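Heads up, the thing below is written out as structure tokens.
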């Protein structure tokens, strides 16, 4: 009797463990391959569910960089995309070509689209639902653009990236929404023309195309 009872308990425990394993396997998100196409003025880094999956191959220290990138990565839904977007600036003054006749305030802009590699289904594209947080803005006094010593005369605001900002669990409700810009406003060229953009993909940036120099952006795609 005792042996039968013990055997029964063992069987129940085994079945319970097996059921838990099956349930766990059933609820584990499916990993898929995704392809992202990105063009930025001037530089970007791309994150998926908190993991860095690629970045612009041309250094941010390059004054004129208008190439596009195609990045393939694996992730699962819900797919939280994070982007660090930077416009080229010579220093914290926010100016470029300092000391030359072309000394000026530059402008930014980025566009991206993501699709499932196998099915080709578009699952995300930059647009007005993307959240944005500006972490470098300059010059706050644009009249300093003609200064012979802009690093001393141009003012700026600068902050560090929030901890875990690219993770799926990060709360971005206090971030503003990205602003859409036209091709003419951004001045698209070079790599932009090499990609066939889905109509839903828009050029976006912070609220100020010229003064916002470094921006964090986020969007979550459900795959539905």
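Looking at the stretch 153-160, can you tell me whether even one residue there is surrounded by 14 or more Cβ atoms within 10 Å (Cβ to Cβ), out of contact with any strand residue (DSSP E or B) (no Cβ under 6 Å at 6 or more places or on another chain) and within 30 Å of residue 29 (Cβ to Cβ)?
The answer is no, given that none of the residues of the stretch 153-160 is surrounded by 14 or more Cβ atoms within 10 Å (Cβ to Cβ), out of contact with any strand residue (DSSP E or B) (no Cβ under 6 Å at 6 or more places or on another chain) and within 30 Å of residue 29 (Cβ to Cβ).
Taking the stretch 54-86 only, how many residues are over 13 Å from the mean Cα position of the chain (by Cα) and outside any strand (DSSP E or B)?
Going through the stretch 54-86 one residue at a time, the tally reaches 14.
Quick one: how many residues across the stretch 87-135 are part of a strand (DSSP E or B) and more than 30 Å from residue 31 (Cβ to Cβ)?
Within the stretch 87-135, residues that are part of a strand (DSSP E or B) and more than 30 Å from residue 31 (Cβ to Cβ) number 6.
Yes or no: the stretch 63-72 includes at least one residue that is at pLDDT below 95, in contact with a strand residue (DSSP E or B) (Cβ under 7 Å, 6 or more places away or on another chain), surrounded by fewer than 17 Cβ atoms within 10 Å (Cβ to Cβ) and in the same structural domain as residue 192 (by TED's automatic domain parsing).
Checking the stretch 63-72: at least one residue is at pLDDT below 95, in contact with a strand residue (DSSP E or B) (Cβ under 7 Å, 6 or more places away or on another chain), surrounded by fewer than 17 Cβ atoms within 10 Å (Cβ to Cβ) and in the same structural domain as residue 192 (by TED's automatic domain parsing).
Output the residues belonging to the stretch 102-138 that are without any contact (Cβ under 8 Å) to a residue 24 or more places away in the chain and over 22 Å from residue 66 (Cα atoms).
119, 120, 121
The values are calculated or read from the model by the stated rules, or taken from the named source; none is laboratory data. The structure presented is a predicted model; accordingly, all values stated were derived computationally and were not measured. Ideal geometry is used to build each Cβ from the backbone, glycine not excepted, and the neighbour counts take in all protein chains shown.
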